[in-house]
1. Give the calculated FRET efficiency between E53 and S89 to the nearest 0.05, with a Förster radius of 45 Å applied to their Cβ-Cβ distance.
2. When the label point is put 7 Å from the Cα of N177 along its Cα-to-beta-carbon vector, which residues of the stretch 106-143 have a backbone N closer than 15 Å?
3. How much length would be gained if the chain were fully extended between S43 and T170, taking 0.36 nm per residue of separation minus their Cα-Cα distance, in nm to one decimal?
4. Along Cα→Cβ, 7 Å out, is where each label goes; now give me the distance between the ones at R67 and L193 in nm to one decimal.
5. Which of the trypsin sites (Lys or Arg not before Pro) found in the stretch 37-146 are loop residues per DSSP with 16 or fewer other Cβ atoms within 10 Å of their Cβ?
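Just so it is clear, none of the values below were taken in a lab; they were calculated from the coordinates. Nothing here was measured: the structure is a model prediction, and the numbers come from that model. Positions of Cβ are generated from backbone atoms using ideal geometry, with glycine treated the same way; all protein chains shown enter the neighbour counts.
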Amino acid sequence: MRRLWQHLNGKQRLMAVAVLVFAGLLLVQYSGVLPSELPLPDSIRALQAKRAELQERVRMLRLRQEREERVLAGIKALAAPFWEVERSSPEAVVTAEFQRLARENQVRIATIRQARTREYLGLKHVREVEFDVQVNGTMKEISRLLTPLGTARPAFFWSQCTIRPDNPKTPKTVRLNGKLRALVLSAEATRFLAGEGSVDGEGG
């Protein structure tokens, strides 16, 4: 191209420049691009700056999301012992789980009284479910129930528990009498742990 340009005389060079300018104008006219929209150095730098700004905003949003996810994961870990019951009766859910554990471990429940629900330490989003149970069986059978009860999640807590032989002189079986408790989260707190909202502050 440089050699060709050198072989052109002054008039030919002027004509070539005019043709190039005319071709550029035609390109702009029929491509729908305004001269101000052409990727000139200043506009390219502005676009690059804008892209860098958007990339930084995306990075900050990702960091914020990761922090929120870590916080929520920590809250969920702390809430593992609590029962999340949003729509069903907490009393029915808790006692049904106790009965399931007894069946799975082949332990016969002698009696189970109706569960009671009450406030727990004045907390707005936690309530306590408590029920009385009596279980009869060998010590080995009772142990088969106590072990999973102690590791269950959500958790059971004994507020009272006594184990006595059926006959002090010639014991064959033992009898467990106790009060079991479970701490149940409110529906609002349950939705929060599922990432579906927020919770109000605790109050009396």
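1. Details: r = 53 Å, r/R0 = 1.19.
According to the calculation, E is roughly 0.25.
2. 110-113, 132-137
3. Details: separation 127, 0.36 × 127 = 45.72 nm, distance 9.72 nm.
The S43-T170 span can extend by a further 36.0 nm.
4. 2.5 nm
5. Working: sites: R45, K50, R51, R57, R59, R62, R64, R67, R70, K76, R87, R100, R103, R108, R113, R116, R118, K124, R127, K140, R144; in loops: R87, R108, R113, K124.
Passing sites in the stretch 37-146 are R87, R108, R113, K124.
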